[in-house]
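Only one structure is covered here, and it is reproduced in the block below.
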Amino acid sequence: MVKKNILDYSYEKLIEEFKKINLQKFRVDQVLDWIFKKHVFDFYEMTNLSKEMRKQLDDYFYIYIPEPVDIQRSKKDKTTKFLWKLEDGRTIESVLLFYPNRVSACISSQVGCALKCKFCSTGASGFERDLSTGEIIAQVLAIEKLENVNINNIVLMGMGEPLLNYDNVIKAIRNWNNKKMKNLGARHITISTAGIADKIEELADFELDIRLSISLHAVSNYQRDQIMPINSKYPIEQVLQAAKIYQQKTKNRVTIEYIAIKGFNDTEEDAIKLAEILKGLKVMVNIIPVNPNPAGFERPSKKFLTNFVKKLKENGIEATLRIEKGTDIDAACGQLKMRKKGINLK
């Protein structure tokens, strides 16, 4: 019999699976407590279960945790970057970030990415496959055990486009939120998308009150077409309309991510235009200087970035210059994998 990864299942489905091997519901609670609270990933170490039960579970299930291939730690701010090897030998990345009020994990949803954004190292590596629900969840468990931390904020902003792996991502979020599993509040979970408009609208009806972040990075379709091929399918107007529908249904503020590229989208005129197209939306704009990337884009000066934020605020848009983490270890997703392949991004 082929064993099943226990992390792929919802709480309700696990109850059904346990019944198949004559184990009661409270045994599900015990096992999940070992996995999510105690970070024990071997059934034979779950000592409040009989030896017979442990064997039953080990015969039927396995607990898949990825293998760390490389771990990089920032000397500046403790940001930690992980390159994981999956069961099929493919690799993904996760990042652990420390803030005064939270411990956050940036988690991957796909192996590679099909969107091929010009500024993104992950896009340059190409798309290989979606991650399963269990592979998404396992990144958090692996980090917590390795680093002895309790992650209380999760951002799906790693490798891949979360809304193109919608079903598995939604299952992972439900499990993180479940009291018997991670028990993480929905407002501590963020989906970051390049703008898959139909899925943004679908997300508006999701029962959990998670956060939404949209990567815009341009103020016109002409400009966005040059750096984000997905814009040909989901142009700015369609993305912002989906954001309005999302906001009308959820009443939640949307975060707009805007990567600033020197000489491309960083002028005062760009800031004024950005404020104009965001009119009518309740947003927070994160201005992010571009990371080292395959296209060789350069970041604007601190003066340019500060002025860009100032102009947005003058035009009625909440904005901030995002605090960078882990720049000394190439913490942006995709960078470590590219360097492992011998590709220099600078």
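One residue alone among Ala138, Ala142, Ala194, Ala124 is in contact (Cβ under 8 Å) with a residue 60 or more places away in the chain and over 16 Å from the mean Cα position of the chain (by Cα), and that residue is Ala124.
Among the residues making up segment 130-153, those that are open to solvent by 10 Å² or more (accessible area, probe 1.4 Å), part of a loop (DSSP other than H, G, I, E, B) and over 13 Å from Ala172 (Cα atoms) are Asn148, Val149, Asn150, Asn152.
Taking segment 1-20 as the range and being surrounded by fewer than 20 Cβ atoms within 10 Å (Cβ to Cβ), modelled with pLDDT of 95 or more and not in a helix (DSSP H, G or I) as the test, the residues that pass are Lys3, Lys4, Asn5, Ser10.
Would you confirm whether any residue within segment 252-275 is surrounded by fewer than 17 Cβ atoms within 10 Å (Cβ to Cβ), more than 27 Å from Leu163 (Cα to Cα), touching an Asp or Glu at 6+ places or on another chain (Cβ under 8 Å) and in contact (Cβ under 8 Å) with a residue 12 or more places away in the chain? Within segment 252-275, one or more residues are surrounded by fewer than 17 Cβ atoms within 10 Å (Cβ to Cβ), more than 27 Å from Leu163 (Cα to Cα), touching an Asp or Glu at 6+ places or on another chain (Cβ under 8 Å) and in contact (Cβ under 8 Å) with a residue 12 or more places away in the chain.
Just so you know, in segment 154-191 the residues that are without any contact (Cβ under 8 Å) to a residue 40 or more places away in the chain, over 25 Å from Glu128 (Cα atoms) and of a type in the set (D, E, K, R) include one that is least open to solvent (accessible area, probe 1.4 Å), and it is Arg187.
Taking the conditions exactly as written (within 19 Å of the chain's Cα centre (by Cα), over 15 Å from Glu147 (Cα atoms) and in contact (Cβ under 8 Å) with a residue 12 or more places away in the chain), does Leu86 satisfy them or not? Against the criterion (within 19 Å of the chain's Cα centre (by Cα), over 15 Å from Glu147 (Cα atoms) and in contact (Cβ under 8 Å) with a residue 12 or more places away in the chain), Leu86 qualifies. Restricting attention to segment 67-106, the residues being among the acidic types (Asp, Glu) and open to solvent by 60 Å² or more (accessible area, probe 1.4 Å) number 3. Every residue in segment 46-66 that is surrounded by 15 or more Cβ atoms within 10 Å (Cβ to Cβ) and part of a loop (DSSP other than H, G, I, E, B), please. If the condition is that a residue be surrounded by 15 or more Cβ atoms within 10 Å (Cβ to Cβ) and part of a loop (DSSP other than H, G, I, E, B), then Met46, Leu49, Ile63, Tyr64, Ile65, Pro66 are the ones that fit.
Can you say whether Leu23 is surrounded by fewer than 20 Cβ atoms within 10 Å (Cβ to Cβ) and at pLDDT 95 or above, as far as the supplied structure shows? So Leu23 does not fit the description; no. Restricting attention to segment 243-302, the residues being part of a helix (DSSP H, G or I) and within 20 Å of Ile323 (Cβ to Cβ) number 2.
The values are calculated or read from the model by the stated rules, or taken from the named source; none is laboratory data. Computed from a predicted model, the values in this text were never measured in an experiment. Neighbour counts run over all protein chains shown; Cβ positions are idealised from the backbone, glycine included. Heavy atoms of the whole protein, side chains included, go into the accessibility calculation; ligands, DNA and RNA do not. Shrake-Rupley method; radii C 1.70, N 1.55, O 1.52, S 1.80 Å.
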